[in-house]
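Accompanying notes for the structure given below.
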Amino acid sequence: MENLAAQLGPLNSTHAPGSTSRTGPTVAIIGGGWAGLSCAVECVRHGLRPTVFEAAAGVGGRARTVGLDGLRLDNGQHILIGAYDATLAMMRTVGADPDRLLLRQPLALTFADGFELRARSGSRLGLAMAFLGCRGLGWRDRVAALRLMRAIGRPSGKDETVAGLLARTAQTANNTRHLWAPLCIAALNTGIADASAHVFACVLRDSLMGARGASDLLLPGVDLGQLFPEPAAHWLAAHDCAVRTGVRVRAVREDARGFLLSDGTAEDVFDHVVFAASPHQVPALLGDLPRLSALAAQIGLLEYEPISTVYAAFDTSVRLPAAMTGFAEGEPHWLFDRGALGGPAGLTASIVSAATMPREQTEAAVLATLRAQHPDLPAPLWVRTITEKRATFRCTPARVAIEQPADARIALAGDYLLPDYPATLESAVRSGIAAARRISAPSP
Ligand SMILES: Cc1cc2nc3c(=O)[nH]c(=O)nc-3n(C[C@H](O)[C@H](O)[C@H](O)COP(=O)(O)OP(=O)(O)OC[C@H]3O[C@@H](n4cnc5c(N)ncnc54)[C@H](O)[C@@H]3O)c2cc1C
């Protein structure tokens, strides 16, 4: 995500304690997900006084810790990559050391049918070498893969679907099945028939063709809460900023004093307001600010895709051959051995992207795949599925680009605001930083 890094300027990885302003402008941040928390941290660094309002009992939003049978698990298995510059810097700022909390491994796509791609480094050359040495690709496939990589290095300016891009660059069925379709659904959570080729190309450029290490997979070795949201909340508290969990903002009004936020019982006044709720929740929050009704309508046009994570607990002696395995067809798309990632031994997490089947059917399909792949696997001790119905926005060429409001005292933050990127932790963090910088900039 180099272009955006250049736009945002350097991110300091440390913050001098004690620099919180006690007199600076106040900022209400509605939403304690990764965007809202990053925004709050960045506000502090700019001498603003943020207060975070989070409706849920804990922080983290769509990337949070949940309690299941006494275990601390995630609402959904997440993967970060080496190109997540802003996220990694933000983690460092709040004292969450990414080198300790994330297991870094070179990009390795290991498929249940024997296909294997291993990138030795994130450089363009490393990727070319990976294609050349890929197990399961013939020469026609390799040449076609390099043709696509060359094509996305020269953006055409007009968006199309990923399927259109694959056809235009004459991709083989093998490449589509093992490379582009799984990478597209993993990165955009939208299938190739509908996904935006422009966004897909941006992701490939930043990761597979990016700087050394950009395509590395960073697999969380702790639950999502410990990765960033909880250290961020502690860091904010240590800087005299309130993180008010369990408080749902019901209305935002405006008068001569500033922005009035109400949770239905009390009202607080702030100089600035940042809307860092999920995009489907933002239009209602803008309801009492009639001059933002066109913006609310635009955000209301976004469509969404679900993701299901099926947790299955086996006997603690169960160990899968790889920490992460891909499946070219059917459910799940990815299987994780959480025991190999610092979690409870014997616990597996299966991801079904853009999931549309009912829960029982999803679980049955996932378990059938696991049994087919690992015939010695005993019956699971328990199975639990968490489905996030609006996990990400639907990343198609038709997605509307959302502009910030004209009034610089108001900002939006969230993973849906970067036109070149899909809904990711990195988009959320970058949008939060950008929102803080926007409202801290002196008025023209
Ligand atoms: C299952 C799943 C798997 C994913 N996998 C990956 C992955 O592997 N890699 C990756 O990079 N990304 C992944 N993502 C996407 C990533 O989690 C999101 O892009 C990111 O968490 C969005 O953060 P956000 O802060 O923009 O929004 P949110 O996390 O949605 O935060 C918004 C917050 O606002 C709060 N809120 C809303 N309304 C109010 C109100 N009125 N008052 C107070 N609070 C309010 C909500 O409770 C919520 O906590 C995944 C998402 C899901 C769901």
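The values are calculated or read from the model by the stated rules, or taken from the named source; none is laboratory data. Computed from a prediction, not measured in an experiment: that's the story for all the values here. As a convention, Cβ positions derive from the backbone with ideal geometry for all residues, glycine included, and neighbour counts pool all protein chains shown. For the accessible areas, the whole protein counts, side chains as well, though only heavy atoms, and no ligand, DNA or RNA atoms are used. Shrake-Rupley method; radii C 1.70, N 1.55, O 1.52, S 1.80 Å.
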(message) For A328, what residues show an amide H to amide H distance below 5 Å, using hydrogens built from the backbone and excluding near sequence neighbours?
(response) A112, D113
(message) Only four residue types carry charge here, +1 at the Cβ of Lys and Arg and -1 at the Cβ of Asp and Glu. Report the dipole size of the chain about the Cα centre in Debye, rounded to the nearest 20.
(response) 980 debye
(message) Can you compute 3J(HN,Hα) from phi for each residue in segment 393-405, using the Karplus curve 6.51 cos²θ - 1.76 cosθ + 1.60 with θ = phi - 60°, rounded to whole Hz and x for Gly and Pro?
(response) 6, 6, 9, 10, x, 7, 4, 7, 7, 9, 9, 6, x
(request) Would you calculate a helix-derived [θ] at 222 nm for the chain, using -39,500 (n - 2.57) for each DSSP H run of n ≥ 4 and dividing by the full residue count, to the nearest 500? (result) -8500 deg cm²/dmol
(message) Let me cross-check T348: its accessible surface, 1.4 Å probe, with only protein heavy atoms counted, in Å² to the nearest 10?
(response) 0 Å²
(request) Determine the share of segment 205-277's accessible area contributed by carbon and sulfur atoms, expressed in whole percent, with a 1.4 angstrom probe. (result) 46 percent
(message) Rolling a 1.4 Å sphere over the protein heavy atoms, what is the accessible area per residue of segment 304-393, to the nearest Å²?
(response) 44 Å²
(message) What is the percent carbon and sulfur in the accessible area of segment 304-393, measuring with a 1.4 Å probe over the protein chains and ignoring ligands?
(response) 51 percent
(message) Given points 7 Å out from each Cα along the Cα-Cβ axis, report the T110 to A294 separation in nanometres with one decimal.
(response) 5.4 nm
(request) Could you size up the charge dipole of segment 107-215 around its Cα centre, putting +1 on the beta carbon of Lys and Arg and -1 on that of Asp and Glu, and report it in debye to the nearest 20? (result) 480 debye
(message) Quick check on the chain: of the DSSP beta bridges with both residues there, what percent are antiparallel, nearest 5%?
(response) 70 percent
(request) List the GluC sites (Glu not before Pro) within segment 303-368 that fall in a DSSP loop (any state other than H, G, I, E or B) and whose Cβ has at most 16 other Cβ atoms within 10 Å. (result) E303, E329
(message) Under 5 Å between amide hydrogens, which residues at least 5 positions from R64 or on another chain qualify, with H placed 1.01 Å from N in the peptide plane?
(response) N75, G76
(message) I'd like the Karplus ³J(HN,Hα) series for segment 147-163: coefficients 6.51, -1.76, 1.60, θ = phi - 60°, whole numbers in Hz, and an x wherever there's a Gly or Pro.
(response) 5, 5, 5, 5, 4, 6, x, 10, x, 8, x, 9, 7, 8, 7, 4, 4
(request) Only Lys, Arg, Asp and Glu count, each charged at its Cβ (+1, +1, -1, -1), so figure out the dipole size of segment 304-393 about its Cα centre, rounded to 20 debye. (result) 200 debye
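Can you give the net charge of the other residues whose Cβ lies under 13 Å from the Cβ of I185, counting K and R as +1 and D and E as -1?
-2
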(message) For a protection proxy built on the mean count of beta-carbon atoms within 10 angstrom, sort 87-98, 27-38 highest first, please.
(response) 27-38, 87-98
(request) Quick one: angle between helix 197-206 and the longest Cα principal axis of the chain, in degrees between 0 and 90, rounded to 10, please. (result) 90 degrees
(message) Can you give me the angle between helix 425-440 and the longest principal axis of the chain, using Cα atoms only, in degrees from 0 to 90, rounded to the nearest 10?
(response) 20 degrees
(request) Give the angle, between 0 and 90 degrees and rounded to the nearest 10, that separates the Cα long axis of helix 229-238 from the longest principal axis of the Cα atoms of the chain. (result) 30 degrees
(message) Could you derive backbone 3J(HN,Hα) for segment 75-91 from the dihedral phi with the Karplus parameters 6.51, -1.76 and 1.60 (θ = phi - 60°), listing whole Hz in sequence and x where the residue is Gly or Pro?
(response) 5, x, 4, 10, 10, 10, 10, x, 6, 7, 4, 5, 5, 5, 5, 5, 4
(message) List the residues, sorted by chain then number, that are 5 or more residues from T161 or on another chain and whose placed amide H is less than 5 Å from its amide H.
(response) A197
(request) Quick one: order D69, D407 from most to least accessible surface, probe 1.4 Å. (result) D69, D407
